[in-house]
Structure formats: C-alpha cells, structure tokens
Amino acid sequence: MTNYGGKAPLSYNKYLKVEQLIELQKRLALPEKHDELLFIIIHQTFELWFKQILQELDATIEYIKERRIIRAIRNIRRVCEIEKILVAQFRVLETMTPHDFLLFREELKPASGFQSTQFREIEFLSGLKDEKLMRFFDEEFAIKRLKKRFGDETLHDVYFAYLKERGFAIDTFENRVEAVVKIIKDIEKHAEEFELEEALIEHDEIVSKWRYHHIKMVERTVGGKIGTGGSEGVGYLQTTLAKRFYPEFWQARTQLEIE
Ligand code: HEM
C-alpha cells in the first residue's frame, strides 16, 4: 500500500470540496420549484468565472507594468475565451419558460444581478469606474472590495502608461486616439502595442455582447416588468449598452484614414 505520510490520501472530492460545493444551492420557494436550482447554478457559475477573470485581469496589469506584453496578451485572450462561454451560457437559462420563472421570482426581491460585486470589479479593473454605482452596495464585503478596486490602477491606465514610455503623447483623449491610430497604421513597427490593443478591444467587445444577450434574455423572460432590484428593467439595461472600457480604441477606427 502507498504510504501518504500518515495522512489520508487526497481524493477528487476532498480536493475540490465537492461535498460542500453541492450543498451551496439553497432554494427559497416552497414548495420547491424545479427551475430555481438552474437559476442558482447559472448565477453561481457566473460568479466563479468572474473570480477567475479578476485573477487574470490582476495578473495582466502586473505583466503590462513589467512590460511582459506577450504574457499580458495571453492572459487577456484567456479572459475572452471565458467571456465567450459566459455569453453562451445565457442560452441555458433561456430554456426556462417565463411562467416557470414567475413561480419563484417574488422570492428573489429585492436582490438583483445589479448587486454583483465581482461584475462591477471587472468593470472597474478594465477601466470603467463609476463612483455612483458604489451607493447601491451595502454589504461590508462588497464595499471593501469595491473601494479597493476603485483606488487601483486599471488596464486602461497601464496600457496608456506603456504607450507613454514608448514615446506616444497620452495626456488628452485626442492624443490617446491619435496614438492608437498610429499603432493601427503600422502594426509591424508597433507589433506588441497593437496585439495588446486588439486583445483589449476584444475583451471590451465581448462584454458589450454579454450586456446585449443579457438584455435579450431578460426581455424574453420578463418583458417590460420592473426588475427585482427595483430598476425599470430592460429600459435601464438598455442605457448600459453604450458603455466602453476603451473609448479611444473605438474612436481611432472612426478617425483612421489612408494617406
Ligand atoms: C431570468 C434571468 C435574469 C433576469 C430576468 C435578469 C434581470 C435583470 C434586471 C431586470 C436587471 C436590472 C436591475 C434590476 O432592476 O434588477 C439586471 C441586472 C443585472 N443582471 Fe440580470 N437577470 C437575469 C439573469 C442574470 C444572470 C444569469 C446574471 C449573471 C451574473 C445577471 C447579471 C446581472 C448584472 C451584472 C446586472 C447589472 C447590469 C448593469 O447594471 O450594467 N443576470 N438583471
């Protein structure tokens, strides 16, 4: 018999804490409603992937600061692959009928995805900080995390600091757009700056797709009803569609011309 130093051998279930994990889905509606388990598992899965995305974004910021650009690009590419899965995941929730959702929806009030702390952390860390959003969080763990993220450097900050070191002026919005235009015009001369910009704009684009698919799923499930969090629902969500992490990258496309 293999000796494991006197300790009980590791198992799959112990390592992954499967016993605890599958106890974490507590349905509220009584009698139990079949689709509430799906609803909880989908949200918990999102939050687990958000945790992974945050780890990758943190690491990417460090890599950019250390000028390890190839590593940074690889990390953002991983983030994009995870985000594609998150967009696709909405399809599973769309198998729930609008009526089956109503059977347990009342129980959820006033909770809402609007209170997803990690989603806001991803926005903040990517470059989109909105202090007003902090007002909506009252749990200690959420406030602590968001305050820290609000003070932290963002991917937007470190990308443009990197361009500054490479000789680009970045002090105004127009300068930053001009820098990106120059990079796009000569991708061989600015290969790393360009590939990192492309990875970041993809991250920005997929999060926009996430917002769009979330809205369509919400509309398909609850129509124009007020959200469980108390917002106007779809009407509110539509106002978030114009959000961008890197507006300079998008503006550069408008400004770009051949010489
Ligand atoms: C049937 C399923 C769902 C419905 C009907 C729904 C509905 C809504 C509504 C109406 C809002 C606006 C705030 C409010 O008043 O509540 C909202 C916000 C939000 N939901 Fe969902 N949602 C669903 C599933 C999900 C899932 C699976 C996630 C994944 C984490 C999610 C994440 C979010 C986030 C992050 C926000 C804030 C968006 C922002 O402010 O930009 N939702 N949701």
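Charge tally for Arg145 (other residues, Cβ to Cβ under 11 Å; Lys, Arg +1; Asp, Glu -1): +1. Compared with the dominant principal axis of the Cα atoms in the chain, helix 173-185 is inclined by about 80°.
Look at where the Cα atoms of segment 196-259 and of segment 32-55 average out, and the two centres are 21 Å apart. For the pair Tyr15 and Ser116 in one chain, pulling the backbone fully straight at 0.36 nm per residue adds 33.6 nm over the alpha carbon distance. For the chain, the relative contact order comes to 23 percent (Cα pairs under 8 Å, sequence separation of at least 6). Within a straight-line Cα-Cα reach of under 16 Å, Lys243 can be paired with the following aspartates and glutamates, leaving aside sequence neighbours fewer than 8 residues apart in one chain: Glu121, Glu123, Asp130, Glu131, Glu202, Asp204, Glu205. Backbone phi angles across segment 189-206, fed through the Karplus curve with coefficients 6.51, -1.76 and 1.60 (θ = phi - 60°), yield HN-Hα couplings of 5, 10, 4, 5, 4, 5, 5, 5, 4, 5, 5, 5, 5, 5, 4, 4, 5, 5 Hz in residue order; Gly and Pro are listed as x.
Computed from Cα atoms alone, the Kirkwood hydrodynamic radius reported for segment 33-255 is 18.9 Å.
Extending 7 Å from Cα along the Cβ direction at His43 and again at Met134 yields two label points whose distance is 2.5 nm.
Quick one: which of Lys65/Lys182; Lys51/Lys147; Lys164/Lys189; Lys51/Lys144; Lys109/Lys225 span more than 19 angstrom between C-alpha atoms? Let's see the in-between values first.
Working: Lys65/Lys182 22 Å; Lys51/Lys147 17 Å; Lys164/Lys189 16 Å; Lys51/Lys144 16 Å; Lys109/Lys225 13 Å.
Correct reply: Lys65/Lys182.
The numbers here are math on the coordinates, done by the rules we state, and not lab data. Since the structure is predicted, the reported quantities are computational estimates derived from the model, not experimental observations. All Cβ positions, glycine included, derive from the backbone under ideal geometry; neighbour counts span all protein chains shown.
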